Amino acid sequence: MINNKNLVKQEKELFSQLKLNYTKSKADVWATLEKTIAKDQTALKKKTVTNRLVWIKYASAASIIIAIGLGLFARLYTTTIDASTGKSSQHILPDGSIVYLNAETSINYHPYWWNFNREVELQGEAFFEVEKGETFSVVSEMAIVEVIGTSFNIYNRSNKFAVYCKTGRVAVRYKHSNEVMLTPEQYVSSNEETNTLQLRDDINTDQVVSWRLNKFLYNITPITKVFEDFERHYGIRIETEIENLEELHYTGLFMRDIGAQKALDIVSFTFELNVEKKGENIYLVKH
């Protein structure tokens, strides 16, 4: 049996012979420990700050991307308004300006960009009543019309262009040449031979805007133009068997809602012509 007293005595003798190379006091130990903790905390803070800066960097980049995306959306988003054959329509623009579209006319504009740029693209014929504000532009294939606050009519079909200023002032920048400033009751149209804009004083301005009153009003108007209006308004096709048709000019006034057959009869009667209906929406005018 092992004697416990002898064992304990032997252990004491063994440990008494050991020399520990450790001379730090308790205070030194705590100081070292505190330095280590502080160092770890500093490293942790630096890591946290770095992570936060990285997060802010990515958040800022994301915000910029979103802002650019919203800007592009606002700039490119387009509203299109059409007036089909035989129809006219009225549309209120974002600033309260009103545009009246004649048959076979379309406009495009950017509603979410409107506060930055009041601009409308036009194909066809329209009458504008513009609210005062920044420059208001109507862009067509042949010219740009700019106003502040006014009312005017634009005709832009088949390489023919014309502007009638009813109120205010209208600047017309023609793509081929000159710029013209219009005042109330002035009318300008394109000259295909010279590729210039010409002020006209031989135009019945009531005739220009008669379509808004649902009327056909003509004053020594080429019959070819009259038939074009009928085709556009009634959605018909008019064929002719008449020599020198371009030499015929018509003067008259009647409402548009009388129908295609009666409208053709009224005009044809003036020239002693006959109207024959060949098929659905097809008419032949002949001697």
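List of remarks:
- Taken about its Cα centre, the range 136-188 carries a charge dipole of roughly 100 debye when the Cβ of each Lys and Arg holds +1 and the Cβ of each Asp and Glu holds -1.
- Paramagnetic reach from residue 278 (point 7 Å along Cα→Cβ, amide N under 13 Å) across the range 214-243: 237-242
- Taking a sphere under 10 Å around the Cβ of residue 173 and counting the other residues whose Cβ falls inside, with K and R at +1 and D and E at -1, yields a net charge of -1.
- Calculated FRET value between residue 135 and residue 251, using beta carbons and R₀ = 51 Å, to 0.05: 0.85
- Virtual spin-label span in nm between residue 160 and residue 77, 7 Å along Cα→Cβ: 3.9 nm
- Compared with the alpha-carbon gap, the fully stretched path from residue 205 to residue 220 is longer by 4.1 nm at 0.36 nm per residue.
- Mean shadow area of the range 209-259 over all directions, Cα convex hull, nm²: 3.7 nm²
- In terms of its Cα atoms, the range 99-245 spans 53, 31, 26 Å along the principal axes, sorted from long to short.
- Projected label distance in nm at residue 271 and residue 287, using a 7 Å step from Cα toward the beta-carbon: 1.2 nm
- Phi angles of the range 239-252 translate, via the Karplus equation with coefficients 6.51, -1.76, 1.60 and θ = phi - 60°, into HN-Hα couplings of 9, 10, 10, 10, 6, 6, 4, 5, 7, 8, 10, 10, 10, x Hz per residue; Gly and Pro are given as x.
Taken together, the values in this text are just the output of simple stated rules run on the coordinates, not laboratory data. These numbers were taken from a predicted model, which means no experiment stands behind them. Cβ: placed from backbone, ideal geometry, glycine included. Neighbour counts: every protein chain shown.
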